[in-house]
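Asker: The structure's right below; bear with me while I get my questions together.
The values are calculated or read from the model by the stated rules, or taken from the named source; none is laboratory data. What you see is a predicted model; the values in this text were computed from it and never measured. Here Cβ is always computed from backbone atoms with ideal geometry, including for glycine, and neighbour counts include all displayed protein chains.
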């Protein structure tokens, strides 16, 4: 159990996230997206030709793919790709000391409590401000063990031999329109390598901050955990409340070699004008385990379906997902479990909460081909509706061929009734506290499985979101 | 300074309709006393308790409810609770995933000034004491509020919450329904334990037998949205014997 100091240290007050500093950028790729945007980014980053070519090819794929409005919301059409700036940076390399971080950036992360968290319980931190990391540091003993924790530019430049073989392999450029967009203009994100047998005891954390309006953040993360090694990675995100909408479109690839374990935790609280369109997938080799814990609160639209490809025998994949859609928000989330070897096991537990006119959608895909034996999948999705205007949809797609597998699917929809709120209010809780308690109760069995620090953080975010939802 | 829970000429409708349920009800429960309301189904007993608590399904069209010097009708549901009003529900609601211990703790926390935290050790000590009094198993604290509870467990839980929140005035709405005789005795003991010169109770019941255990100072008979007769505890026995028709007939005769 974490002590009080740790708990205080990890609580990021997201309401404190609604501030911004005047823009002062050395590098600005300008509005709109073309080959010259890519040349600009590649020039600033002094990238090798193969990366520049990778980007340009991706741009063609992006241009050629339609928006997925045949199955997803038409709200996607409101993204004006010409009104977005694709690269903004102050032109400074990330430092290893907070003292060297520019004052306004440092103040931003201090207000979000990041340096304090780092001192208290993290093994490494990367803090990204718009397109580039401002700060990046990993504990010395990990570095000595060969753990690499850098941003994408540095990862591809300094450790090409490690990262290039897996870069774009788990999620190919053409996976979807937004993975193509990210592949064209990616910047920042975390590139992590954990050598064989190294078990990183404390989490590594990245923090993504959008400061500028009309800006798109396209971080790219690749985590490779070698045989028998283990790591927990946590990402957090905020942006101020701008008048116009902002785009966040990340690609996250995980590779767990034989017997490796990766736990990837997201607790995000984007302001309600961010389009959050993220592709996340992991590749699990023999007896490896990949676990996504994905908590989506806030944003205007989130589309995200973390996946695991279980490529080796006895590999395990898990997605634990919590989505909270408040008034005017849409959370379109789910999971993809691709079984590609015998005796692989996957588990999906998704809980969504829809409040007011908020809308939650669960899309799940489980694929078990005929030639495999002894695969197992368990899928549970539960939805909680708060007031009658809320809606929720579930689209499970479970393809199981062959008869040597075990799958199980359960879904439920429940409602916080006025009577339930009345009961709680009669005991002295105000309406916001009562709704918050109902929501926390609904996700309680999942949150119990989180590392303590993050469950406290999530509870706080839910409390704030529910307090704010009372008219 | 008045020292009672006092209802004057209370009229209430089902919200948004002209369906009248309470039709000029008068009632006063002084501090230190236990009053009982008995009455046939549909007389408006449960509505009265909900209106007192501030349930928005009903609209008060006339009259007043004062708790000492506080006008309850000016307060929201939760404000009434924090001001010292408690309602033990006839059908307590489930709150899935929220443990009973956390729920009561949240309710107590809501009574503290901002920034002040409950002393967890003192809280559990007090909680266990009261659970022992009500013969409740310690495992109960970890169970979700009312989820999968038997009827008796739900009612005990209501009484436990009442003991923990320590209200000035409490209304118990058919707390005896669904209880066997042993559970009834235990629940009554919980209430009797709380009785005192600074507390007032209003016990709504259908049956006389609860009043063998919680002996009332005054018994009121309710019919058609009004109190039609009041008397001492012998009135409850008389009702049991003769039925409600007797009172309504008597009323008609004197009208």
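Asker: Pairs only if they're at least six apart or on different chains, beta carbon under 7 angstrom, first in the range B:48-70 and away from chain A (no Cβ under 14 Å) and under 17 Å from residue B:88 (Cα atoms), second at pLDDT below 95 and surrounded by fewer than 16 Cβ atoms within 10 Å (Cβ to Cβ); list them, first residue then second.
Answerer: none
Asker: Quick check, is residue A:93 assigned to a loop (DSSP other than H, G, I, E, B) and more than 20 Å from the chain's Cα centre (by Cα)?
Answerer: Values: assigned to a loop (DSSP other than H, G, I, E, B): yes; more than 20 Å from the chain's Cα centre (by Cα): yes.
For residue A:93, the condition - assigned to a loop (DSSP other than H, G, I, E, B) and more than 20 Å from the chain's Cα centre (by Cα) - is met.
Asker: Filtering the range A:424-439 down to residues that are more than 7 Å from chain B (Cβ to nearest Cβ) and more than 25 Å from residue B:72 (Cα to Cα), which residue is surrounded by the most Cβ atoms within 10 Å (Cβ to Cβ)?
Answerer: A:439
Here is a yes/no grid of residues against (1) on the phi < 0 side of the Ramachandran plot; (2) crowded, with 24+ Cβ neighbours inside 10 Å; (3) touching a helix residue (DSSP H, G or I) at 6+ places or on another chain (Cβ under 7 Å):
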position: A:291; (1), (2), (3): yes, no, no
position: A:300; (1), (2), (3): yes, no, no
position: A:308; (1), (2), (3): yes, yes, no
position: A:322; (1), (2), (3): yes, yes, yes
position: A:327; (1), (2), (3): yes, no, no
position: A:335; (1), (2), (3): yes, yes, no
position: A:338; (1), (2), (3): yes, no, no
position: A:344; (1), (2), (3): yes, yes, no
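Asker: To continue, here is another question. Counting residues that are over 19 Å from residue B:191 (Cβ atoms), which helices (runs of 4 or more DSSP H) fully inside the range B:55-171 reach at least 3? Step through it out loud before you land on a result.
Answerer: Values: elements: B:77-82, B:100-109, B:120-133, B:151-165.
By residue number, B:77-82, B:100-109, B:120-133.
Asker: Out of all the residues in the range A:249-263, is one or more part of a strand (DSSP E or B), surrounded by 20 or more Cβ atoms within 10 Å (Cβ to Cβ), at pLDDT below 95 and in contact with a helix residue (DSSP H, G or I) (Cβ under 9 Å, 6 or more places away or on another chain)?
Answerer: Checking the range A:249-263: not a single residue is part of a strand (DSSP E or B), surrounded by 20 or more Cβ atoms within 10 Å (Cβ to Cβ), at pLDDT below 95 and in contact with a helix residue (DSSP H, G or I) (Cβ under 9 Å, 6 or more places away or on another chain).
Asker: Quick one: how many residues across the range B:71-83 are touching a strand residue (DSSP E or B) at 6+ places or on another chain (Cβ under 9 Å), within 11 Å of chain A (Cβ to nearest Cβ) and crowded, with 18+ Cβ neighbours inside 10 Å?
Answerer: Here the count works out to 2.
Asker: Across the range A:161-180, what is the number of residues that are in contact (Cβ under 8 Å) with a residue 12 or more places away in the chain, assigned to a loop (DSSP other than H, G, I, E, B) and out of contact with any helix residue (DSSP H, G or I) (no Cβ under 8 Å at 6 or more places or on another chain)?
Answerer: 4
Rundown of residues vs (1) in a helix (DSSP H, G or I); (2) under 20 Å from residue B:143 (Cα atoms); (3) touching a helix residue (DSSP H, G or I) at 6+ places or on another chain (Cβ under 9 Å), yes/no style:
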position: A:373; (1), (2), (3): no, no, no
position: A:380; (1), (2), (3): no, no, no
position: A:394; (1), (2), (3): no, no, no
position: A:402; (1), (2), (3): no, no, no
position: A:440; (1), (2), (3): yes, yes, yes
position: A:449; (1), (2), (3): no, yes, yes
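Asker: In the range B:6-20, how many residues are in contact (Cβ under 8 Å) with a residue 40 or more places away in the chain and surrounded by fewer than 15 Cβ atoms within 10 Å (Cβ to Cβ)? I'd like the intermediate steps shown before the answer.
Answerer: Let us first name the residues in the range B:6-20 that are in contact (Cβ under 8 Å) with a residue 40 or more places away in the chain, namely B:6-16, B:20.
Restricting the remaining residues to those that are surrounded by fewer than 15 Cβ atoms within 10 Å (Cβ to Cβ) gives B:8-9, B:14-16.
Of the residues in that region, 5 qualify.
Asker: If a residue must be in contact (Cβ under 8 Å) with a residue 40 or more places away in the chain and either surrounded by fewer than 14 Cβ atoms within 10 Å (Cβ to Cβ) or farther than 15 Å from residue A:218 by Cβ (or both), how many such residues does the range A:57-72 contain?
Answerer: Residues meeting the conditions: 6.
Asker: Would you confirm, using the coordinates I've provided, whether residue B:169 is on the phi < 0 side of the Ramachandran plot and more than 10 Å from chain A (Cβ to nearest Cβ)?
Answerer: Judged against the criteria, residue B:169 is a match.
Asker: Taking the options A:104, A:99, name whichever one is in a helix (DSSP H, G or I), within 26 Å of the chain's Cα centre (by Cα) and within 30 Å of residue A:143 (Cβ to Cβ).
Answerer: A:104
Asker: Related question: Residues being in contact with a helix residue (DSSP H, G or I) (Cβ under 9 Å, 6 or more places away or on another chain) and farther than 29 Å from residue B:33 by Cβ: count how many of those fall in the range B:5-21.
Answerer: 1
Condition check ((1) within 14 Å of chain B (Cβ to nearest Cβ); (2) part of a strand (DSSP E or B)) across all residues:
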| site | (1), (2) |
| --- | --- |
| A:360 | no, yes |
| A:444 | yes, no |
| A:458 | yes, no |
| A:464 | no, no |
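Asker: Which one of the conditions (1) surrounded by fewer than 23 Cβ atoms within 10 Å (Cβ to Cβ); (2) at the interface with chain B (Cβ under 8 Å from one of its Cβ atoms) does residue A:452 fail to meet, given that it meets all the rest?
Answerer: (2)
Asker: Does the range A:404-423 contain any residue that is in a helix (DSSP H, G or I), free of Cβ contacts under 8 Å to residues at least 40 places away in the same chain, surrounded by fewer than 22 Cβ atoms within 10 Å (Cβ to Cβ) and more than 10 Å from chain B (Cβ to nearest Cβ)?
Answerer: Scanning the range A:404-423, I find no residue that is in a helix (DSSP H, G or I), free of Cβ contacts under 8 Å to residues at least 40 places away in the same chain, surrounded by fewer than 22 Cβ atoms within 10 Å (Cβ to Cβ) and more than 10 Å from chain B (Cβ to nearest Cβ), so the answer is no.
Asker: Still on this model: Any residue at all in the range B:93-116 that's more than 13 Å from residue B:171 (Cβ to Cβ), out of contact with any helix residue (DSSP H, G or I) (no Cβ under 6 Å at 6 or more places or on another chain) and more than 14 Å from every other protein chain (Cβ to nearest Cβ)?
Answerer: Yes, the range B:93-116 contains at least one residue that is more than 13 Å from residue B:171 (Cβ to Cβ), out of contact with any helix residue (DSSP H, G or I) (no Cβ under 6 Å at 6 or more places or on another chain) and more than 14 Å from every other protein chain (Cβ to nearest Cβ).
Asker: Something else about it: Just need a number here: residues in the range A:108-125 that are assigned to a helix (DSSP H, G or I) and in contact with a helix residue (DSSP H, G or I) (Cβ under 7 Å, 6 or more places away or on another chain).
Answerer: Looking only at that region, the number is 7.
Asker: Of the numbered conditions (1) in a strand (DSSP E or B); (2) crowded, with 16+ Cβ neighbours inside 10 Å, residue B:51 satisfies every one except a single condition; which is it?
Answerer: (1)
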